[in-house]
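Q: The structure under discussion is supplied below as structure tokens; questions concerning it will follow.
The values are calculated or read from the model by the stated rules, or taken from the named source; none is laboratory data. Remember, it's a predicted structure, so these values are computed and weren't measured experimentally. Neighbour counts run over all protein chains shown; Cβ positions are idealised from the backbone, glycine included. Just so you know, the surface numbers come from the protein's heavy atoms only, side chains and all, with ligands and any DNA or RNA stripped out. Shrake-Rupley method; radii C 1.70, N 1.55, O 1.52, S 1.80 Å.
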Amino acid sequence: MSTINVQLDRQGRLLHFLTVEGLSRRHLTEILDTAESLHGVAERRVKKLPTLHGKTVVNLFFEASTRTRTTFELAAKRLSADVLTLNIATSSAVKGESLLDTLRNIEAMQCDMFVVRHEQSGAAEFIARHVKPHIAVLNAGDGRHAHPTQAMLDVFTIRRHKPDFPNLRVAIVGDILHSRVARSLIHALNILGAGEIRVIAPRTLLPAQVETLGVHVFHDMQRGLRDVDVVVMLRLQKERMEGALLPTEQEFFQRYGLTEERLALAKPDAIVMHPGPINRGVEIDSRVADGPRAVILEQVTNGIAVRMAIMSITLGHHARPVGEDG
Ligand code: CP
């Protein structure tokens, strides 16, 4: 059974959100439109909706996170869910408890949603295959495989600034090889019909046959950044690197770092994005990261509405357990 079949029900509705790959434009547009309708909740005096009142959301983060964990937690709270964040470093996982046993124990506490980040590709799908039918599983990043909610907040941010997707030119720069963000974003942009997707990286930081993902490959910034509407910078993911794929960080910055001079090659109204965490002076200069073209913190804000949308949509498609009040 493929991942696609795990995350959709027989009617093709989202039960889990594990990967963007294989979803339709209709699925992605539903998420983006729902997020747009939820975006204003943050401006209200009481920043809450009753959508997930009585539901329990469990954050299971087996890998470090600042943005994803906290915005998932805020999103769940703004939908009135009860939220539990398991601190893996002080959980019984460190005493050797298996992922499945941890899962079974949390499941026994009658929760309704797992938000999972794990260093192993496929971990969220594994959990989705083993949970009870009423539980939704959201992938908050698995190994180098996928980071689908990041991709959705990225395309949401792009759509707010540059809604003309057929004429959109996006450049994704840096460590594409180890990046689940790049993989999910490329799928999302292709599904939404983006005009051109470029990847700019040294050969050692590109996956084999990356062109098959539907991207144009560039090895230098001068050609790759020319006339793009969006520049997405990625950090070097050293925690996933095996062996020497790079000379030094300084040399990487000299060839691939985003400076004001290089950004001038893009369109005059081009926006600069980064999923975070940023490494100043390695992939991006501070003047760009803090400059007027950067929408990096806006991405973080948008992540709350996008995650609220995905939580509402997936839980809305789950059958309620027997005995629950209507
Ligand atoms: N973009 C992102 O996934 O950031 P965190 O690792 O801080 O969650």
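Q: Under 6 Å by Cβ, and 6 or more places apart or on different chains, what pairs join a residue from the range 258-278 that is within 23 Å of N302 (Cβ to Cβ) with one that is in a loop (DSSP other than H, G, I, E, B) and open to solvent by 60 Å² or more (accessible area, probe 1.4 Å)?
A: Filtered contacts from the range 258-278: K267/D227; I271/R293; V272/R293.
Q: Looking for something within 30 Å of G193 (Cα to Cα), more than 16 Å from the ligand (Cβ to nearest atom) and either under 20 Å from the mean Cα position of the chain (by Cα) or charged (D, E, K, R) (or both) - is there at least one such residue anywhere in the range 38-54?
A: Checked the range 38-54: at least one residue is within 30 Å of G193 (Cα to Cα), more than 16 Å from the ligand (Cβ to nearest atom) and either under 20 Å from the mean Cα position of the chain (by Cα) or charged (D, E, K, R) (or both).
Q: Looking at T51, T3, T19, T34 in this structure, which one is touching a Ser or Thr at 6+ places or on another chain (Cβ under 7 Å), modelled with pLDDT under 95 and of a type in the set (S, T, N, Q)? Give the derivation first.
A: Details: T51 fails: modelled with pLDDT under 95; T19 fails: modelled with pLDDT under 95; T34 fails: modelled with pLDDT under 95.
Of T51, T3, T19, T34, the one residue that is touching a Ser or Thr at 6+ places or on another chain (Cβ under 7 Å), modelled with pLDDT under 95 and of a type in the set (S, T, N, Q) is T3.
Q: Filter the range 282-303 down to residues that are within 15 Å of the ligand (Cβ to nearest atom) and either among the aromatic types (F, W, Y) or closer than 24 Å to P247 by Cβ (or both) and give me whichever is surrounded by the fewest Cβ atoms within 10 Å (Cβ to Cβ).
A: Among residues in the range 282-303 that are within 15 Å of the ligand (Cβ to nearest atom) and either among the aromatic types (F, W, Y) or closer than 24 Å to P247 by Cβ (or both), the one surrounded by the fewest Cβ atoms within 10 Å (Cβ to Cβ) is A289.
Yes or no, residue by residue, for (1) in contact (Cβ under 8 Å) with a residue 12 or more places away in the chain; (2) not acidic (D, E):
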{"position": "R104", "(1), (2)": "no, yes"}
{"position": "E107", "(1), (2)": "yes, no"}
{"position": "P133", "(1), (2)": "yes, yes"}
{"position": "H145", "(1), (2)": "yes, yes"}
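Q: Filter the range 276-298 down to residues that are touching a Gly at 6+ places or on another chain (Cβ under 7 Å) and within 18 Å of R67 (Cα to Cα), then give me how many there are.
A: Qualifying residue count, the range 276-298: 1.
Q: With the condition being more than 23 Å from G22 (Cβ to Cβ), of a type outside the set (D, E) and open to solvent by 60 Å² or more (accessible area, probe 1.4 Å), I'd like the helices (runs of 4 or more DSSP H) fully within the range 190-267 carrying at least 3 qualifying residues. Quick ask: steps written out before the conclusion?
A: Numbers: elements: 221-224, 249-256, 260-263.
Here the list reads 249-256.
Q: Right, another one. Please count how many residues of the range 163-189 are part of a helix (DSSP H, G or I) and open to solvent by 20 Å² or more (accessible area, probe 1.4 Å). Let's see the steps before the verdict.
A: Restricting attention to the range 163-189, the residues satisfying the condition of being part of a helix (DSSP H, G or I) are 165-167, 180-189.
Restricting the remaining residues to those that are open to solvent by 20 Å² or more (accessible area, probe 1.4 Å) gives 166-167, 183, 187.
Of the residues in that region, 4 qualify.
Q: Then there is this: Looking only at the range 268-281, which residues are within 16 Å of the ligand (Cβ to nearest atom) and either under 20 Å from V199 (Cβ atoms) or open to solvent by 70 Å² or more (accessible area, probe 1.4 Å) (or both)?
A: Step one: of the range 268-281, the residues within 16 Å of the ligand (Cβ to nearest atom) are 272-280.
Matches in the range 268-281: V272, M273, H274, P275, G276, I278, N279, R280.
Q: Looking only at the range 55-111, filter to residues that are open to solvent by 50 Å² or more (accessible area, probe 1.4 Å) and among the β-branched types (V, I, T); which one of those is nearest to the ligand (Cβ to nearest atom)?
A: Per the stated criteria, the residue is T66.
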